[in-house]
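One structure below.
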Protein chains: 2
Amino acid sequence: MSERTSHPSQIIGGMFGLEDFRELPDQPLPYLQGKHILLTNARSGIRLLVEQLRPANVWMPSYLCSSMIQAVNPAVSRIRFYEVDYDLEIPSLEWLESVQAGDLVICIAYFGFPILSGLVNAAMERAAWVLEDNVQALLSLNHDPDAHFQLYSLRKFFGVPDGAILAATDPGFEFSSQLSPPPSRWWMQALNASLLRREFDRIGGERDWFRIANLVDSAAPLSPHRMSELSELILRYRIDYQSISARRIANYQTLLERLEHLALFPSLPGGVVPLGFPVRLADRDRVRQRLFDQQIYPPVHWDIRRYVPESFQSSHRLSRDILTLVCDQRYDEEDMCRTAAIVRGME
Amino acid sequence: MSERTSHPSQIIGGMFGLEDFRELPDQPLPYLQGKHILLTNARSGIRLLVEQLRPANVWMPSYLCSSMIQAVNPAVSRIRFYEVDYDLEIPSLEWLESVQAGDLVICIAYFGFPILSGLVNAAMERAAWVLEDNVQALLSLNHDPDAHFQLYSLRKFFGVPDGAILAATDPGFEFSSQLSPPPSRWWMQALNASLLRREFDRIGGERDWFRIANLVDSAAPLSPHRMSELSELILRYRIDYQSISARRIANYQTLLERLEHLALFPSLPGGVVPLGFPVRLADRDRVRQRLFDQQIYPPVHWDIRRYVPESFQSSHRLSRDILTLVCDQRYDEEDMCRTAAIVRGME
């Protein structure tokens, strides 16, 4: 059932290497059932939607990735924030009273966990468009069926050089864009990083993939391009979704048994396939460095200092304390126990 | 100047591993200047041309690859052979008198060497279409400018999962086909073989790529499909044509200094970039086995027993004696000397 390869992992964390091309049976792809377009990346999905809907305001939670902000053309729409607290919950819906007809409200399914029940319908009562951002929730099964749009990203869940999906709930909705292929040179660098990481996982050696992946990320196109042929084929034919989901869930449970007191999400509802295992730590940077020293590389989602107003104090506090422990399908119970032991040893 | 990687070669010969994605300057691509279509493989280029031109007869040399024969739909055209001798020369042009207007004449640029001068024009005087088959001559510079069509293949010259080019000399010629992408599952197996060979070259280990490449080859589509996006990008941006050509020419010269008496082509004209170094050996199979024992894998181009009429005795004799020594850009002078020493040691 495990997706883990027979090769020992060189490190824990970091980007995924390019997928294997073993024969797999056809996989059900729930997010490709309805109306959708296949894109190079998620940020360009937001860009595309904003350009097409032209909302006066785009409402975003106060805890988010900078790429979402970059995606909004300030000549088209104004970004408005609504509050998300230290538990990633929405403490009040008062802000909805300022939402105007035709605005776009974005809700994030953080780390694979469902968005606040009722929020979508409340926003729709204001005649707003609603986008459920499932960039961290590709494999989760509990998406809100009422949101007008869903946005998914592939790279955080398996090894592809690019890939995102923007889906519309209304089968009559027409996406207006004619999409060109991903920019050639950018895309080949993205593939290069995937290949080098794949080979690093098998052989070890240089970590060029890290430097290249950072370059690729910072140069990612904002304007909409279609998903590469290679990523689409991997998406359709080469991902064992059930095994990946099961492994992530099992790893999350292993961490939860050992680190429940630190968990941002201390229970795992049915249907959730987690991106990682976010914890909150008073001495986050020291713990992170200690994990780095052990070749374990948990990311920070996100350092929001540069782009979220300081008035959202709970979000900034969370951003200082949060650390996403790695629990994806490349790793097994032993890796999780080792991670948890290091974190507990620092308490 | 050398294209050889810094990793030691595990073996000499066999398919190319997937190319690296280092940054390269833009490359001149002479065969993409004019009217052309990008295809999955060369055999489907012949298929496409035959379906479009619908010649009563397709004239092919008596020394050729079986895939060319498979490409011709017998419901459309009849295959006629013209003689090619033990030196791969055309001993007589008498057969041209049987060529009818609208027939298709195919000339092969064997191993990268030019076709018989004047043949194209002689066939055109019969109002025939002429295709110069450059499947073995992708990098050679001395193509016949008068042939109506040129056919190229990528896989024999560098590491791509698929790829061929069919070009027309007349810019007004319109290829009629609407091309779909390569068949998904077949193509992913082709990519798998390329990736596994790439990794074998770096790590060694299992030779699964060999088995998979054979499966891929035998299941290659005959009906025309377009070149994959990945192969097209490699073709356009990731091949250092000058270095590859220089390395192949230098390797050929190294072999020629040591094995001139066995060479099918005892001199290398300017502009020729050889596919390999074909020799003729009385005890071909014994020499080949000895090279196999030393991890050197020269192919036989071709075993024509099953598909060329027995009356072409010189071609059959050549097919029994020929062996293509490997001299491509993955290998250097030392590899060539080692190959030559084994062959000479058997004399």
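Only the coordinates and a few stated rules stand behind these numbers; no lab work does. Just so it is clear, the structure is predicted and the values come from calculations on it, not from any experiment. Cβ: placed from backbone, ideal geometry, glycine included. Neighbour counts: every protein chain shown.
Scan around A:V105 for amide H atoms under 5 Å from its own, H built in the peptide plane at 1.01 Å from N, and keep only partners 5 or more places away or cross-chain.
Residues meeting the amide H criterion: A:W59, A:W129, A:V130, A:L131.
Which loop-located trypsin sites (Lys or Arg not before Pro) does segment A:277-339 contain, where loop means any DSSP state but H, G, I, E or B and the Cβ has at most 12 other Cβ atoms within 10 Å?
A:R305, A:R306
If you take every DSSP beta bridge whose two residues both sit in the protein assembly as shown, what share of them, in percent to the nearest 5, is antiparallel?
50
Return the tail of the calculated pair distribution for segment B:194-304, meaning the percent of Cα-Cα pairs more than 25 Å apart.
The share of Cα pairs beyond 25 Å in segment B:194-304 comes to 43 percent.
Tell me, how many Å apart are the Cα centres for segment A:47-78 and for segment A:203-237?
Segment A:47-78 and segment A:203-237 have Cα centres separated by 23 Å.
Springs between alpha-carbon atoms under 10 Å, Gaussian network over chain B: tell me which of B:S218, B:S245, B:S66 tops the mean-square fluctuations.
It is B:S218.
With viscosity set to 1.002 mPa s at 20 °C, what whole-number translational diffusion coefficient in µm²/s follows for segment A:136-190 from Stokes-Einstein and a Kirkwood radius over Cα pairs?
For the chosen part, D equals 160 µm²/s.
In Å, what Kirkwood hydrodynamic radius results for segment A:241-345 from the alpha-carbon pair distances?
14.3
Bin by bin, in steps of 10 Å, what percent of the Cα pairs in segment A:148-232 do you find, going until the bin that has the longest distance?
Final binned percentages: 16, 44, 27, 11, 3, 0.
What fraction of the Cα pairs in the protein assembly as shown, stated in percent, has a spacing above 38 angstrom?
Roughly 46 percent, rounded to a whole number.
Under 10 Å from the Cβ of B:S228, count the other residues' Cβ atoms, weight Lys and Arg +1, Asp and Glu -1, and hand me the total.
-3
Name the nearest-to-axis residue of chain B, judged by Cβ distance to the rotation axis taking chain B onto chain A, and quote that distance in whole Å.
B:E229, 2
Report the label-to-label distance for B:L24 and A:I79 in nanometres (one decimal), using points 7 Å from each Cα along the Cα→Cβ vector.
4.0
What number, rounded to the nearest 500 deg cm²/dmol, is the helix-based mean residue ellipticity at 222 nm of the protein assembly as shown, given -39500 (n - 2.57) per DSSP H run of at least four residues and division by all its residues?
Calculated from helices alone, the mean residue ellipticity at 222 nm is -10000 deg cm²/dmol.
Using alpha-carbon pairs under 8 Å, 6+ residues apart, how would you state the relative contact order of segment B:235-347 in percent?
In percent, rounded to a whole number, it is 36.
Taking each label point as 7 Å beyond Cα in the direction of the beta carbon, state the distances from A:S223 to the same residue in the other copies, shortest first, in nm.
3.6
What spacing in nm lies between the two simple spin-label points modelled at A:E97 and B:E97, each 7 Å away from Cα in the Cβ direction?
My value for the distance between the label points is 10.2 nm.
At B:P309, with labels set 7 Å past Cα in the Cβ direction, how many nm apart are the copies from this one, shortest first?
Result for B:P309, in nm, nearest copy first: 8.8.
Suppose each label sits 7 Å from its Cα in the direction of the beta carbon; what would the A:E257-B:Y31 distance come out to in nanometres?
5.9
State the three equivalent ellipsoid semi-axes of segment A:30-168, derived from the C-alpha gyration tensor as the square roots of 5 times its eigenvalues, in descending order and whole Å.
Computed over segment A:30-168, the values are 22, 17, 14 Å.
Over the C-alpha atoms of chain B, what are the Rg and the largest Cα-to-Cα span, Dmax, in Å?
For chain B, the Cα-based Rg and Dmax read 19.5, 57 Å.
Report, by chain and number, residues whose modeled amide H sits under 5 Å from the one on B:L264, excluding near sequence neighbours (fewer than 5 apart, same chain).
Correct list: B:V279, B:R280.
Tell me, A:W209, A:W95 in order of fewest to most beta-carbon neighbours within 10 Å?
With the fewest neighbours first, A:W209, A:W95 line up as A:W95, A:W209.
How many percent of Cα pairs in segment B:265-318 exceed 16 Å?
Summing the P(r) tail past 16 Å for segment B:265-318 gives 57 percent.
Using a label position 7 Å from Cα in the Cα→Cβ direction, what is the ascending list of nm distances from A:D87 to the same site in the other copies?
9.1
Once you wrap a convex hull around the alpha carbon atoms of segment A:306-347, what is its projected area averaged over all directions, in nm²?
Averaging across all directions leaves 4.5 nm² for the Cα convex hull.
So what J values fall out for segment B:166-179 if you push phi through Karplus, 6.51 cos²θ - 1.76 cosθ + 1.60 with θ = phi - 60°, rounded to Hz, Gly and Pro as x?
Coupling constants for segment B:166-179: 10, 10, 10, 6, 6, x, x, 6, 10, 6, 8, 7, 8, 9 Hz.
Relative contact order of chain A, please, whole-number percent, based on alpha carbon pairs below 8 angstrom and at least 6 residues apart.
Value for chain A: 25 percent.
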